[in-house]
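Read-outs throughout are calculated quantities, based only on the coordinates presented, and are distinct from any laboratory measurement. Keep in mind the model is a prediction, meaning the values are calculated, not measured. Cβ sites come from the backbone with ideal geometry, for glycine too, and all protein chains shown count toward neighbours.
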Amino acid sequence: MLGRLVDSSYPDEVRRHITLMTVARVWANACYRFAPPFLAVIARDLDVSLDEAGLALAVSEVAGLLSPLMGRVVDRLSRRVATGGGLAGVGVGAGLAAASQGLWIFAIALVVLNQSKIVFDLGLASWVADHVPYAKRGRIVGLTETSWALGLLIGVSALGVVTALSSWRFGFVGGAIAVAAMGAAVALHLPADRAAAHHAPATRPPKVPLDWSVAWRPVLGAFVLMASSQCLFVTFGTWLKDEFGLGAAALSAVTFTLGGVELVASITAARRSDALGKEASAALGAAVMIPAMLLLALWHEQLAVGIVLLAITLLGFEFAIVSALPIGTHLIPHAPARGLGIMLAASTVGRAGTSVAATRLYTAHGVAGPMLLGVALAAAAALVFSGRGLRGGVAARV
């Protein structure tokens, strides 16, 4: 299906399998994104406070600091092993979350789930980098990144319906089954390829160190951009529940709507980021987040207005992150997973810190607290990604 959106200038391998890889990532993202909107429901069932549940999310995010190490591992694995194995791990983590009877077991389950998704994401990004030159990579990354929006639009909404009819535990079970099925499909259909570690010495890609004089901007930009978005992701479900009394079914309807907005942003980034410039596009998306989050902090007592502002914020964020991700695959020549892993580690630090800070600010000040923090972080992201040093560094190596 998605292959029809890719013209003949792209390799047949990409056109044949982009739909399979994207659908697999839809369900991996659904498992990953399921907990934050239903955090209050999960916390109540586990008999813990929202702050404590937010701490569990933070612990799982901190495990993402291993992303650079995982990148080194993935660069040495075949793409089929990395993607199929990552999906299997996501299924294990989701199943463990469903069975957890206490906060720490739940946190461990999220660590397994998140770390496995990183392995899959790095394998997918490396597969794209193997076949598509950097100048054209934004389109393919943008198409595969529709899975982030579809994970919310279809995946989390479906799991939310399961939650409304039964419990959040069965929601995780549904996610585990779906992602395990996709892992089997990837293992069966993605062609075998040779791992970098198994190349003959004469043809093995040379080891190239990370050039921090170029890399610091995209790494810092990823940190503040993801930190800003987390201010919204870990609090909007609780805000809608507290302010307007929305239950699990209504939250599923809201996430479905927001997923549609993210899908539009992903498709727009796929079409425009290569032409506009990946760094400029990321800065533009972050800039869109600033007024939307500021208005949400000031004007959050009307449901319709609040949802519109949520949608605008997510539109800007999704456009920014989809535009920025190809930069990570280009930071280190011949090591796309390691370069992207470093950006993901920076993102992890941003998400982990704000998972705790945002939930505490919400407890103390309501939704205005985390939104104002998000405004400051989005402004920092816009400034960093618009810096001249980035354009003269990563982009110059195309």
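Classify the range 219-311 as rounded, prolate or oblate, taking a ≥ b ≥ c as the square roots of the eigenvalues of its Cα gyration tensor: rounded when a/c is under 1.5, otherwise prolate if a/b is larger than b/c and oblate if not.
Prolate shape, in that a/c is at least 1.5 and a/b is the bigger ratio.
State to the nearest 20 debye the size of the charge dipole of the chain about its Cα centre, where the only charges are +1 on K and R beta carbons and -1 on D and E beta carbons.
That gives a dipole near 1200 debye.
Which residue, Ala178, Ala192, Ala56, tops the fluctuation ranking in a GNM of the chain built on C-alpha contacts under 10 Å?
Comparing Ala178, Ala192, Ala56 in the GNM, the peak value goes to Ala192.
Would you work out which of Ala181, Ile332, Ala158 lies farthest towards the positive end of the dipole of the chain, given +1 charges on the beta-carbon of Lys and Arg and -1 on that of Asp and Glu, about the Cα centre?
Ile332
Please compute the contact order of the chain in relative form: average sequence separation of alpha-carbon pairs under 8 Å and at least six residues apart, divided by the residue count, as a percent.
27 percent
Which residue, Val308, Val162, Val92, has the most motion in a Gaussian network model of the chain that connects Cα atoms within less than 10 Å?
Looking only at Val308, Val162, Val92, the largest GNM fluctuation is found for Val308.
Quick one: angle between helix 303-328 and the longest Cα principal axis of the chain, in degrees between 0 and 90, rounded to 10, please.
Once rounded, one gets 20 degrees.
If you average the C-alpha positions of the range 1-73 and of the range 208-278 separately, how far apart do those two centres end up, in angstrom?
That distance is 12 Å.
What are the semi-axes of the equivalent ellipsoid for the range 8-164, taken as the square roots of 5 times the Cα gyration tensor eigenvalues, largest first, in whole Å?
31, 17, 12
Taking only Cα atoms, what is the 0 to 90° angle, nearest 10, from helix 168-189's long axis to the longest principal axis of the chain?
10 degrees
Is the shape of the range 272-395 best called rounded, prolate or oblate, per the rule: a/c under 1.5 gives rounded, else a/b larger than b/c gives prolate, else oblate, with a ≥ b ≥ c the square roots of the Cα gyration tensor eigenvalues?
prolate
For the pair Ala181 and Phe244, how long in nm is the line joining their label points, each one 7 Å along Cα→Cβ?
3.2 nm
Which of Thr235, Thr313, Thr268 moves most in a GNM of the chain, Cα contacts under 10 Å?
Thr268
What are the ³J(HN,Hα) couplings of the range 148-154, residue after residue, when phi is run through the Karplus curve with 6.51, -1.76, 1.60 and θ = phi - 60°? Round to Hz, x for glycine and proline.
After applying 6.51 cos²θ - 1.76 cosθ + 1.60, I find 5, 5, 5, x, 7, 4, 9 Hz.
Treating the angle as unsigned and between 0 and 90°, give the value, to the nearest 10°, between the Cα long axis of helix 212-233 and the longest Cα principal axis of the chain.
30 degrees
Work out from phi, with θ = phi - 60° and the Karplus expression 6.51 cos²θ - 1.76 cosθ + 1.60, the ³J(HN,Hα) of each residue of the range 9-15, listed in order in whole Hz, and give x for Gly and Pro.
The phi angles translate into 6, 9, x, 4, 4, 5, 5 Hz.
Counting only trypsin sites (Lys or Arg not before Pro) that sit in a DSSP loop (anything but H, G, I, E, B) with at most 16 other Cβ atoms within 10 Å, what is the longest stretch of the chain containing none of them?
The reported range is 1-193.
How would the range 294-364 be classified by its alpha-carbon gyration tensor: rounded, prolate or oblate, with rounded meaning a/c under 1.5 and the a/b versus b/c comparison settling the rest?
oblate
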